[in-house]
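For reference, the structure discussed in these notes is given below.
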Amino acid sequence: YASSRKLDRSPEVRRALDAARARQVVRGLRARAIAEGPVNDAELAELTRLHWKDVALPERVRVVHAIVLRPKDASPDALTRARRVAEALHDRVAAEPTVEAFENAAKTAEKGGFELRPERLPPFAADGRIVERDADGSMDATFATAAFALAPLATSGVVETSFGWHVIRVIER
C-alpha cells in the first residue's frame, strides 16, 4: 500500500524501513547464534586468525630502510662488493638525525654499480605480517626480527636477507 502511494520515497520513511529491516536481520542473527550455542575454542581461534587485524592487532613497527639489492651476478666478488656498499651506506645514514635526512642521505649514497633503494614500509608485526587493514603479505623474517630489536629512531647495522643488504631505522613502535 505504502509503495503504491509512493510513500516509501520520502527520506523519513526510507530511514524507518531501513531501520526495521536492520532490526529484523539482527533478531535473526541473534536467534541463530542462540540456537548454535556458544563459540568453542576452535571457532574462536579460526575467527581470530581470519580477523586478527580487527580483534588482536599485535605490537607493530613502522620503518624506513635503505637496501642494496642482491646482484643478479651472485659471484663471491659481486656479493662482497655489494656488502661493502651497504656498509658504506650504513656509515652515511646512521648518524642522520631525522627520517627525512636518512632518506636523503641514502638517495645520494655511492651505489658502486648496485641498485640502492630507500623506502618507507607499511607497519608490520614481529612475525612480519603487514598490519594495514587492506594490505596482505609479510616481511622477511630476518628483516622483521632486526627491526623489532631496535628502539624508536634507532638504526640497525647491515642486515642481510635474500633480497639484499638493509639498513633499517624504526620510525615508530
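Can you find, within the range 89-119, the residue that is nearest to D73 (Cα to Cα) among those that are free of Cβ contacts under 8 Å to residues at least 24 places away in the same chain, outside any loop (DSSP other than H, G, I, E, B) and open to solvent by 30 Å² or more (accessible area, probe 1.4 Å)? Taking the candidates together, the pick is K107. Say whether the condition of being of a type outside the set (G, A, S), at pLDDT below 90 and surrounded by 10 or more Cβ atoms within 10 Å (Cβ to Cβ) is met by at least one residue in the range 16-24. Yes - at least one qualifying residue is present in the range 16-24.
So in the range 59-102, with the set limited to residues that are of a type in the set (K, R) and under 12 Å from G164 (Cβ atoms), which one is modelled with the lowest pLDDT? First the steps, then the outcome.
In the first step, residues of the range 59-102 are kept if they are of a type in the set (K, R); the result is 60, 62, 70, 72, 81, 83-84, 92.
Next, from what is left, pick out any that are under 12 Å from G164 (Cβ atoms): 70, 72, 83.
On the way: R70: 96, K72: 90, R83: 97.
Going through the qualifying residues, I end up with K72.
Within the range 120-145, being surrounded by fewer than 13 Cβ atoms within 10 Å (Cβ to Cβ) and closer than 23 Å to A74 by Cβ holds for one residue alone: A141.
Scanning the range 129-146 for residues that are at pLDDT below 95 and in a loop (DSSP other than H, G, I, E, B) turns up V131, E132, R133, D134, A135, D136, G137.
The values are calculated or read from the model by the stated rules, or taken from the named source; none is laboratory data. What you see is a predicted model; the values in this text were computed from it and never measured. Please note: Cβ atoms are built from the backbone with ideal geometry, for glycine as well, and neighbour counts cover all protein chains shown. Remember, those area values only see protein heavy atoms, side chains included, never the ligands or the DNA or RNA. Shrake-Rupley method; radii C 1.70, N 1.55, O 1.52, S 1.80 Å.
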